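*Asks:* I have a structure here, written as structure tokens, and I will follow up with some questions on it.
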Amino acid sequence: MKKNVFFGLYLIIGLLLVLPFVLPNSFYLDLVIRMAINAVIVLGLNLLIGFAGQISLGHAGFLGIGAYASAVLPTHFGWHPLLAMGAGAAVTGLLAALVARPIFKLKGHYLAMATLGLGIIINIALRNEAQWTGGPDGMPVPAMGLFGFELSSDKHWYWAVALLLSVSVWASLNLIDSPFGRALRALHGSEVAAQVVGVDVVRYKVAIFVLSAVFASLMGSVTAHYGGFVTPNLADFFHSIELVTMVVIGGMASVYGSVIGAVLLTAMPQALATFEGWETVAFGSILMLSMIFMPKGLVPTLAAKFGKGE
Amino acid sequence: MLAQFLQFLFSGITVGATYALAALGFTLIYNASNVINFAQGEFIMLGGMLAVFFTQAGLPLPLALLLAILVPAVVGVLLEKLAIEPVKGAETVTLIIITIGASLVIRGLTAVIFGKGTHSLPAFSGDAPIEILGATLLPQSLWVLGVTAVVVVALWYFFNRTLQGKAMLATSYNRLAAELVGINTGWVLFMSFAMSAALGALGGILITPITLTSYDAGIMLGLKGFVAAVVGGLGNGLGAVLGGLLVGILEAMGAGYISSAYKDAMPFVLILLILFFMPRGLFGGKSTDRV
């Protein structure tokens, strides 16, 4: 069983090692890089949605904080990009903790409402504070330097992101098997039962929410440096929905599902571009159909079908 | 000073009435099925867009408006039959994604059929503003408020004085118990989606002569309706109406006195504050946990 679980990780690493040598051109390399970045964000979000059973409809807002920290602090204040990235993550973590603490004492849809509100406020602030953020048009992001070595070419980015993804998958697989992960799964199963066996429900929920928000912020910084430009669209409601969709389509509470969901949905706009004008309809239909026919998501559904548990 | 305050108040309660209708829609569906219908905003948009389309097609205004309410109601019923009923008992997240998918389909189809332009509808009884203590009130605002008031009274009568209404209420309290006493809960689900879509569409039609409409107008209206429903204590009808008005007034005051650029952020700041300090909403009851 143990070997089985890590088999997927070896497969991902193998694929990542081979891909740059078989991809026909830089367009595909760019696509794979964006897939990998999204996969890491979705891994973090899935810890919250899949394992703690809580939904965040404002995750793009956290992404936005990270991305704009990496854009604004080095540009206007001359901070080192790494320091800016850390500052973004710290602010996001604080904000998430501040919001989560009172919300998690409630039940039901309230976290969805609170994160939705937070995400929209962040997005509106990014659009309005044009003297800092460039407003709706966005702003350029300085390059990321690491120990005198500048991440600039697509190849460099590819290896950096590939490493990041592999480590994140490995860490997630370990995390869900740790006492922390077990506690999370317990509280998703039955909060009361978890409480009875001594799990501090609110503390665990806050912890996982903060963790996934910080994840999003860090990856927002990575996205910003990689793209070299940020716009408030990165932080809008629709992007939050896209991220949740990646989690749900791939499979809630499935590490590999997160990766598959991110890969599929990142590729989808390219695939749907042929349906000119009908993209939104196609995207919406796919969401509905996959939820109606595969409410557990792709990976768990297939795994159940072929008799292999994850 | 007073004139300015009144002006903000008028525009606040006018748009607040639309939020109230949307919030009632959220409440109806939430009570019947525990679903937060993220497609609610699209019904508002559909109402406005269809009213524009049908009047431009030459239909007389009353018939055009009636159709602009009926078509969204049918869409609402289809949504329930095709997408919500097949996944009965699914997780909250699954249901949220389904309704978000539905909202994208409705929005996308509207853009394909009617284009992405902005449309307006002539006011029902002229544009001559009425002056009250130095502030002006559009005749259309009176339509919005009057119709909303009639609808609220009619709904109150329906839920408190008719058998069908009581059946719907009973289902929202306890579905199983309602089924046991012979209430057709499938029918209740059907009715809530139809009524909720019709309410949204009505709000959309009434407000279009004032605010204009376009294929993407439903997103913000729907989200603010959701805020209003939560402000009123999710599931509470009267709360939804008061929540809607409160959100509308606060938004108008915020835009007028604080910053018009942050107008759209006001409802969401309000909801965060309420969740922190009055977590059951302003009018919500106490909830206990059943194990």
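The values are calculated or read from the model by the stated rules, or taken from the named source; none is laboratory data. Just so it is clear, the structure is predicted and the values come from calculations on it, not from any experiment. Positions of Cβ are generated from backbone atoms using ideal geometry, with glycine treated the same way; all protein chains shown enter the neighbour counts.
*Asks:* With the structure loaded, tell me whether A:PHE77 is out of contact with any helix residue (DSSP H, G or I) (no Cβ under 8 Å at 6 or more places or on another chain) and either free of Cβ contacts under 8 Å to residues at least 24 places away in the same chain or at negative phi (or both) or whether it fails that test.
*Replies:* Details: out of contact with any helix residue (DSSP H, G or I) (no Cβ under 8 Å at 6 or more places or on another chain): yes; either free of Cβ contacts under 8 Å to residues at least 24 places away in the same chain or at negative phi (or both): yes.
Against the criterion (out of contact with any helix residue (DSSP H, G or I) (no Cβ under 8 Å at 6 or more places or on another chain) and either free of Cβ contacts under 8 Å to residues at least 24 places away in the same chain or at negative phi (or both)), A:PHE77 qualifies.
*Asks:* Right, another one. Do we have B:VAL269 as touching a Pro at 6+ places or on another chain (Cβ under 7 Å), at pLDDT 85 or above and within 26 Å of A:ILE241 (Cβ to Cβ) here?
*Replies:* Working: touching a Pro at 6+ places or on another chain (Cβ under 7 Å): no; at pLDDT 85 or above: yes; within 26 Å of A:ILE241 (Cβ to Cβ): yes.
So B:VAL269 does not fit the description; no.
*Asks:* Next question. Taking into account only those residues within the stretch A:189-201 that are surrounded by fewer than 17 Cβ atoms within 10 Å (Cβ to Cβ) and of a type outside the set (Gly, Ala, Ser), which is nearest to the chain's Cα centre (by Cα)?
*Replies:* Result: A:ASP200.
*Asks:* If B:GLU42 satisfies all but one of (1) within 11 Å of chain A (Cβ to nearest Cβ); (2) over 30 Å from B:SER125 (Cα atoms); (3) within 17 Å of the chain's Cα centre (by Cα); (4) surrounded by 24 or more Cβ atoms within 10 Å (Cβ to Cβ), what's the number of the condition it fails?
*Replies:* (2)
*Asks:* Out of the residues in the stretch A:106-120 that are in contact with a helix residue (DSSP H, G or I) (Cβ under 6 Å, 6 or more places away or on another chain) and at pLDDT below 85, which is surrounded by the fewest Cβ atoms within 10 Å (Cβ to Cβ)? Don't jump to the end; show me each part of the working.
*Replies:* From the stretch A:106-120, those in contact with a helix residue (DSSP H, G or I) (Cβ under 6 Å, 6 or more places away or on another chain) are A:110-111, A:113-114, A:117-120; that's our starting set.
Within this subset, residues satisfying the condition of being at pLDDT below 85 are A:110-111, A:113.
Details: A:TYR110: 21, A:LEU111: 24, A:MET113: 27.
Of everything passing the filter in the stretch A:106-120, A:TYR110 is surrounded by the fewest Cβ atoms within 10 Å (Cβ to Cβ).
*Asks:* Additional query: So B:GLU131 passes all but one of these: (1) in contact with a helix residue (DSSP H, G or I) (Cβ under 8 Å, 6 or more places away or on another chain); (2) farther than 25 Å from A:SER290 by Cα; (3) without any contact (Cβ under 8 Å) to a residue 60 or more places away in the chain. Which condition number does it fail?
*Replies:* (1)
*Asks:* A further question on this structure: For the stretch B:143-211, list the helices (runs of 4 or more DSSP H) that sit wholly inside it and hold at least 2 residues that are modelled with pLDDT of 95 or more; which are they? Spell out how you get there, then give the answer.
*Replies:* Numbers: elements: B:163-173, B:175-180, B:185-211.
Ranges flagged: B:185-211.
*Asks:* Look through the stretch A:92-135, keep the residues that are among the hydrophobic types (A, V, I, L, M, F, W, C), over 23 Å from B:PHE277 (Cβ atoms) and touching a residue at least 12 places away in the same chain (Cβ under 8 Å), and return whichever of them is farthest from the other protein chains (Cβ to nearest Cβ). Can you show your working first?
*Replies:* So in the stretch A:92-135, the residues among the hydrophobic types (A, V, I, L, M, F, W, C) come out as A:94-100, A:103-104, A:106, A:111-114, A:116, A:118, A:120-122, A:124-126, A:130, A:132.
From what is left, the residues that are over 23 Å from B:PHE277 (Cβ atoms) are A:126, A:130, A:132.
Checking which are touching a residue at least 12 places away in the same chain (Cβ under 8 Å) leaves us with A:126, A:132.
Working: A:LEU126: 11, A:TRP132: 14 Å.
Checked the stretch A:92-135; the qualifying residue farthest from the other protein chains (Cβ to nearest Cβ) is A:TRP132.
*Asks:* Hey, another quick one. Can you spot a residue in the stretch A:214-237 that is surrounded by fewer than 21 Cβ atoms within 10 Å (Cβ to Cβ), touching a Pro at 6+ places or on another chain (Cβ under 6 Å) and either aliphatic (A, V, I, L, M) or not in a loop (DSSP other than H, G, I, E, B) (or both)?
*Replies:* Scanning the stretch A:214-237 turns up at least one residue that is surrounded by fewer than 21 Cβ atoms within 10 Å (Cβ to Cβ), touching a Pro at 6+ places or on another chain (Cβ under 6 Å) and either aliphatic (A, V, I, L, M) or not in a loop (DSSP other than H, G, I, E, B) (or both).
*Asks:* Given (1) within 29 Å of A:PHE6 (Cα to Cα); (2) surrounded by fewer than 23 Cβ atoms within 10 Å (Cβ to Cβ), identify the lone condition not met by A:GLY250.
*Replies:* Failing condition for A:GLY250: (2).
*Asks:* Could you say whether any residue in the stretch B:219-235 is within 30 Å of B:GLY126 (Cβ to Cβ), surrounded by fewer than 18 Cβ atoms within 10 Å (Cβ to Cβ), modelled with pLDDT of 90 or more and within 14 Å of chain A (Cβ to nearest Cβ)?
*Replies:* Yes, that holds for at least one residue.
*Asks:* Restricting attention to the stretch B:57-73, report how many residues are without any contact (Cβ under 8 Å) to a residue 24 or more places away in the chain and either closer than 17 Å to B:ALA201 by Cα or within 20 Å of the chain's Cα centre (by Cα) (or both). Full working, then the answer.
*Replies:* Within the stretch B:57-73, the first condition is being without any contact (Cβ under 8 Å) to a residue 24 or more places away in the chain, and the residues that meet it are B:57-60, B:62-64, B:66-67.
Next, only the ones that are either closer than 17 Å to B:ALA201 by Cα or within 20 Å of the chain's Cα centre (by Cα) (or both) stay: B:62-64, B:66-67.
Of the residues in the stretch B:57-73, 5 are without any contact (Cβ under 8 Å) to a residue 24 or more places away in the chain and either closer than 17 Å to B:ALA201 by Cα or within 20 Å of the chain's Cα centre (by Cα) (or both).
*Asks:* Step by step: first the residues of the stretch B:95-133, then only those that are away from chain A (no Cβ under 14 Å) and among the β-branched types (Val, Ile, Thr), then the one that is nearest to B:ALA201 (Cα to Cα). Which residue is that?
*Replies:* By that ranking, first place goes to B:THR118.
*Asks:* Since B:THR92 meets every condition but one in (1) within 19 Å of the chain's Cα centre (by Cα); (2) within 14 Å of chain A (Cβ to nearest Cβ), which condition does it not meet?
*Replies:* The single condition B:THR92 does not satisfy is (1).
*Asks:* With over 14 Å from the mean Cα position of the chain (by Cα), modelled with pLDDT of 90 or more and either away from chain A (no Cβ under 12 Å) or within 24 Å of B:LEU2 (Cα to Cα) (or both) as the only criterion, which of B:LEU250, B:LEU282 stands out? I'd like the intermediate steps shown before the answer.
*Replies:* Values: B:LEU282 fails: modelled with pLDDT of 90 or more.
One residue alone meets the criteria, B:LEU250.
*Asks:* Still on this structure, please answer the following. Examine the stretch A:27-49 for a residue that is touching an Asp or Glu at 6+ places or on another chain (Cβ under 7 Å), away from chain B (no Cβ under 14 Å) and not β-branched (Val, Ile, Thr), and state whether such a residue exists.
*Replies:* Looking through the stretch A:27-49, at least one residue is touching an Asp or Glu at 6+ places or on another chain (Cβ under 7 Å), away from chain B (no Cβ under 14 Å) and not β-branched (Val, Ile, Thr).
*Asks:* Another question, then. I'm told A:VAL202 meets every condition in (1) in contact with a Leu (Cβ under 8 Å, 6 or more places away or on another chain); (2) within 14 Å of chain B (Cβ to nearest Cβ); (3) over 28 Å from A:HIS80 (Cβ atoms); (4) of a type outside the set (Asp, Glu) except one. Can you identify the failing condition by its number?
*Replies:* (1)
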